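Only the coordinates and a few stated rules stand behind these numbers; no lab work does. Everything quoted here is computed from the prediction, not taken from an experiment. We place every Cβ from the backbone using ideal geometry, glycine too, and count neighbours over all the protein chains shown.
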Amino acid sequence: MSATAVSELSIDPPSMLVCVNRSASIYSPLHAGASFAINVLHASHESISRACSGGKKGEARFSEGSWLHTTDNVPYLSDAQATLICTYETSFAYGSHCVFVGRVTEVFYHDEVDPLIYADGQYRSMAAQSKRDLSG
């Protein structure tokens, strides 16, 4: 699934917050205290983003890309730009969403920096955007 918003929260302890619609399929496991992964997608992962943003349901979402599991059985994308594995700390409801706070326990990353950007209803590559900006 795709989160509505993801943000760093604290460096001490290292933690993240994730905003999830309460109608999303991931809401119940997170609300029950499940650990979770935040995958920062690479520019080549547009199909994975589409699958996890409603294009596919349930386990079918994991048919796109190469997924691994942590020792605690948290699925994560093996070639994500970066992955943060988090353990549930707390949550609170706000409107149609719930804000989950997770303590970062593991981080994986790849050296090539070219994250997938979604803005104004379109997917973009940071590298392609930089080239356009430089060319005027």
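A cut-off of 5 Å between modelled amide H atoms, ignoring neighbours fewer than 5 places along the same chain, links SER15 with LEU9, SER10, VAL104. Note on ARG22 and HIS69: with the Förster distance fixed at 25 Å, the Cβ-Cβ geometry gives a FRET efficiency of about 0.45.
A Gaussian network model of the chain, with springs between Cα atoms under 10 Å, assigns the largest mean-square fluctuation among ALA93, ALA24, ALA32 to ALA32. Backbone geometry of the range 24-36 corresponds, through the Karplus equation with coefficients 6.51, -1.76 and 1.60 at θ = phi - 60°, to 3J(HN,Hα) couplings of 6, 5, 7, 4, 4, x, 5, 5, 7, x, 5, 5, 8 Hz, x marking Gly and Pro.
Across the range 81-93, computed HN-Hα scalar couplings (Karplus, 6.51 cos²θ - 1.76 cosθ + 1.60, θ = phi - 60°) run 4, 7, 9, 10, 8, 10, 9, 4, 10, 6, 7, 8, 7 Hz from first to last residue, x flagging Gly and Pro. The amide H of ASP79, built 1.01 Å from its N in the peptide plane, has SER66 as neighbours under 5 Å, considering only residues 5 or more places off or on other chains. Of the listed values (1) 9.3; (2) 8.3; (3) 12.8, grab the one calculated as mean projected area of the Cα convex hull in nm² from the structure here. Correct label, based on the coordinates given: (1).
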